[in-house]
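In what follows, a structure is listed as structure tokens, so that the remarks can point back to it.
The values are calculated or read from the model by the stated rules, or taken from the named source; none is laboratory data. Predicted model only: the values in this text are computed from it and were never measured. Don't worry about glycine lacking a Cβ; one is built from the backbone with ideal geometry, like all the others, and counts go over all protein chains shown. The accessibility values were calculated without ligands, DNA or RNA, using every heavy atom of the protein model including side chains. Shrake-Rupley method; radii C 1.70, N 1.55, O 1.52, S 1.80 Å.
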Amino acid sequence: MHNLGKSCKLIRFAPIEALAERESEYLEETFDVVAINYTDDGKEEYVCYAPLEFDVNSLKKDIAEQNLNLPSYQEELLESKNWLKENVIKFAPFEIGAFMIYGIHEASCPKTQKIPVQVYAATAFGSEHQTTKMCLTAISELHETFPHPHKILDMGTGSGILSIAAAKIWNKEVHILAADIDDEAVDVTNNNAVTNNVEDCMKAILSDGYNNPQIQQTSPFDMIFANILANPLKEMAKSAYKDLNKGGCYLISGFIDNQENDIIEHHKQVGFKVIKTYQMENWRAALLQK
């Protein structure tokens, strides 16, 4: 994978109401990192990162040949020794469930009775996305209803926000593995763990799905979080089931309303039962159990 700590190309697509699954899959397969920003009117703006040698003319030809319905786009050169630090999303602090989430750019945590979670997040890691908020709500509820977990896996951790929230709500009395396919996400998560003083109970690792010896050595888990995308969720459903303790909970998100039935039925066929579903705008999440 391209080293995103160096200069790279940025392909910014015009905002759109919603991108079809075929086009969304194409972007995920084509670019190193695909981020989604949300405009004030709720539209999706896809921002894609690629190595400097990426050929935009080939992209244009490929889109035409495959008859893809993608919005117009602009090419930018992002020159930076560390583009991530220069593109931090300065989101407003927000409370959700048991937590107060605020950014690294804040001088201090806003006054709150909630559990503070400070994250250093950039364009590629959606700390204030609807799916993240639903997962934080579910973790808050799990703390009230589920036996104290000993081992948690956070698959596709991004900025590590779910892992950090879990570490804090269970008072660091839990062992958490936070896995991601992107090495920059691993670095960000480990840094966020230190910022939140939970580095002793969680560790971020580079992993393509469940294919990391540390995951297999730690398995089975009491809980697994997977806030990713619809197709990876389906592809990894059997692995998640295998690596989860009987009675363990599997929290999934990253799919939209018209994908919900397919995702739920697929996981039922694997063996999961549905405990609860969540919705926020057109995004969905589900709490499953083995």
For this session: Report, in order of residue number, the helices in the chain meeting two criteria: a C-alpha extent of 15 Å or more along the helix axis, and a mean Kyte-Doolittle hydropathy of at least -0.5; treat each whole DSSP H run as one helix.
Result: 130-145, 183-195
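Past 26 Å, Cα to Cα, is the threshold; run Lys246/Lys276; Lys61/Lys133; Lys203/Lys242; Lys60/Lys238 against it and keep the listed order.
Lys61/Lys133; Lys60/Lys238
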For this session: Could you look at the chain and say what percent of its accessible area is carbon and sulfur, using a 1.4 Å probe and all protein chains?
Result: 45
Problem set entry | 3J(HN,Hα) from dihedral phi, segment 224-229, Karplus parametrisation 6.51/-1.76/1.60, rounded to Hz, x for glycine, proline | 10, 9, 8, 9, 10, 9
Exercise. In straight Cα distance, which aspartates and glutamates are under 12 Å from Lys168, not counting same-chain residues fewer than 8 positions off?
Worked result: Glu199, Asp200
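So if we plug the beta-carbon distance of Glu281 and Ser72 into 1/(1 + (r/R0)^6) with R0 = 25 Å, what FRET efficiency do we get, rounded to 0.05?
Details: r = 24 Å, r/R0 = 0.97.
E(calc), rounded to 0.05, equals 0.55.
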Exercise. How much length is gained if the chain between Asp208 and His148 is pulled fully straight, taking 0.36 nm per residue apart and subtracting their Cα-Cα distance, in nm to one decimal?
Worked result: 18.8 nm
Exercise. How do the peptides 130-142, 208-220, 191-203 rank, highest first, by the average count of neighbouring beta carbon atoms within 10 Å per residue?
Worked result: 130-142, 191-203, 208-220
Exercise. Reachable aspartates and glutamates from Lys9, Cα under 15 Å, same-chain residues fewer than 8 places away excluded?
Worked result: Asp32, Glu53, Asp55, Glu75, Glu76, Glu79, Glu86
Exercise. Using modelled backbone amide H atoms (1.01 Å from N, in-plane), which distant-in-sequence or interchain residues come within less than 5 Å of Ala178's amide H?
Worked result: Asp154, Lys203, Ala204, Ile205
Exercise. Whose amide H sits under 5 Å from the amide H of Ile96, counting only residues 5 or more places off or on another chain, with H placed in the peptide plane?
Worked result: Ile101
For this session: Highest first, please rank the peptides 54-62, 170-178 by the mean number of other Cβ atoms sitting within 10 Å of their residues.
Result: 170-178, 54-62
Exercise. Separation of segment 156-221 and segment 228-243 by C-alpha centroid, Å?
Worked result: 18
Seminar exercise, completed: Ratio for the chain, C-alpha Rg to 2.2 N^0.38 Å, reads 0.98
